[in-house]
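Notes to accompany the following structure.
The values are calculated or read from the model by the stated rules, or taken from the named source; none is laboratory data. Quick caveat, the model's predicted, so the values are computed rather than measured. Because the Cβ atoms are built from the backbone with ideal geometry, glycine has one as well, and the counts that use them run over all protein chains shown. SASA here: full protein model, heavy atoms, side chains in, ligands and nucleic acids out. Shrake-Rupley method; radii C 1.70, N 1.55, O 1.52, S 1.80 Å.
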Amino acid sequence: MTDSLSDMIACPKCDGLHRVPQVDIGAQARCVRCGTVLMAPREGAMTRIVMLSMTALILMIAAVFFPFLELSTHGLGRKSSVFDAILAFSDGLMLPLSFAVAALIVVLPITRFVALIYVFAPMALGWAPAKHARSVFKFAEHIRPWAMAEVFIIGVAVALVKVAGLAQVTLGPAFWAFVGLVIITVLKDNFMCRVTVWQTLNARSPS
């Protein structure tokens, strides 16, 4: 092949190849085959991603250590946090499950938020990318499917529907922190145009 593939982009849905277009801020580039948005650069997106990631870190701390919910039945009540839920599997053969829960709903999301702040904060200020920013962003994208805070909150919501018939359930501040965390994660990913991020990293990184 004589043509370089460095200026090509593959549609994430149908794998159709396109040459990377020049897209103005606020405009969109869509796949000609299936209509999937390929590029959608936004004004001030990097600053918003940094602020949302920092907010998500604060919410994650609240979600882990504050009371998540309280169950009351027959005059007895018990409060529980996400940290308590992690420790509940820490005995015997269930210990690997405890590590998995901690990694998927706490450690990996926090790692990804920190990585995004590391990558975007210098560029949002107009500086050159931080050292190894491309590798860090690649790592953040690699662990994105495994950061399952939103899956956790959906699972809890389904469980609460069944438990509500057996006991009185009171939602704690950590539950609402997790809900806010999920919303912020969705907004953050919506602001991020990954093709534009790679273009900016390549353009600003020292050769």
Amide H of Met39 versus every other amide H placed in the peptide plane: which residues, excluding those fewer than 5 positions away on the same chain, fall under 5 Å?
Ala29
Given a 1.4 Å probe, how much area per residue of the stretch 40-93 is accessible, in Å²?
62
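Would you calculate a helix-derived [θ] at 222 nm for the chain, using -39,500 (n - 2.57) for each DSSP H run of n ≥ 4 and dividing by the full residue count, to the nearest 500?
Numbers: 8 runs with 108 residues, N = 207.
Taking each H run of at least 4 residues, the total per residue is -16500 deg cm²/dmol.
Rounded, prolate or oblate: which fits the stretch 44-105, taking a ≥ b ≥ c as square roots of the Cα gyration tensor eigenvalues, rounded meaning a/c under 1.5, else prolate when a/b beats b/c? Numbers along the way, then the final one.
Numbers: a/c = 4.79, a/b = 1.62, b/c = 2.96.
In terms of gyration-tensor shape, oblate.
Pull out the extension gain between Val195 and Arg19, defined as 0.36 nm times the separation in residues minus the alpha carbon to alpha carbon distance; nm, one decimal. Kindly include the intermediate steps, with their values, before the conclusion.
Numbers: separation 176, 0.36 × 176 = 63.36 nm, distance 1.18 nm.
Between Val195 and Arg19, full extension yields 62.2 nm more.
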Kindly write out, for the stretch 138-145 in residue order, the coupling ³J(HN,Hα) from the Karplus curve 6.51 cos²θ - 1.76 cosθ + 1.60 (θ = phi - 60°), rounded to whole Hz, with x marking Gly and Pro.
4, 5, 4, 6, 5, 8, 4, x
Rounded to whole Å, give me the distance from the Cα center of the stretch 141-203 to that of the stretch 41-89.
10
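For the chain, with all protein chains present and a 1.4 Å probe, just round the carbon and sulfur fraction of the accessible area to a whole percent.
Numbers: 8270 of 12520 Å².
With neighbouring chains kept in place, the figure for the chain is 66 percent.
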Placing +1 on the Cβ of each Lys and Arg and -1 on the Cβ of each Asp and Glu in the chain, which of Asn190, Val37, Val158 has its Cα farthest towards the positive end of the resulting dipole?
Val37
May I ask you to compute the full-extension gain from Thr36 to Thr111, defined as 0.36 nm times their residue separation minus their alpha-carbon distance, rounded to one decimal in nm?
24.1 nm
Could you please put Arg112, Arg194, Arg134, Arg33 in sequence from largest to smallest accessible area, using a 1.4 Å probe?
Arg33, Arg134, Arg194, Arg112
Any lysines whose Cα falls less than 20 Å from that of Lys79, other than same-chain ones fewer than 8 residues away, would be Lys162
Could you give the dipole magnitude of the stretch 16-112 about its Cα centre, charging the beta-carbon of Lys and Arg +1 and that of Asp and Glu -1, in debye to the nearest 20?
420
Quote the accessible area belonging to Met54 in square angstrom, nearest 10, computed with a 1.4 Å probe and with ligands, DNA and RNA left uncounted.
90
Total charge dipole magnitude, the chain, about the Cα centre, Cβ charges on Lys, Arg, Asp, Glu only, Debye to nearest 20
240
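In square angstrom, what is the accessible area per residue of the stretch 113-155 with a 1.4 angstrom probe? If you can, show how the numbers build up before the last one.
Details: 2430 Å² over 43 residues.
Ligands and nucleic acids excluded, the result is 57 Å² per residue.
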Listed by chain and number, the residues whose amide H is under 5 Å from that of Gly16, excluding neighbours fewer than 5 places away on the same chain and using placed H, are Cys11
Taking Lys and Arg as +1 and Asp and Glu as -1, residues besides Pro206 with C-beta under 14 Å from its C-beta add up to +3
From the backbone phi of the stretch 161-177, what are the Karplus-calculated ³J(HN,Hα) couplings (6.51 cos²θ - 1.76 cosθ + 1.60, θ = phi - 60°) in whole Hz, Gly and Pro given as x?
4, 7, 6, 4, x, 9, 8, 7, 10, 10, 7, x, x, 5, 4, 6, 5
How much accessible surface area, in Å² rounded to 10, belongs to the heavy atoms of Leu108 with a 1.4 Å probe?
40
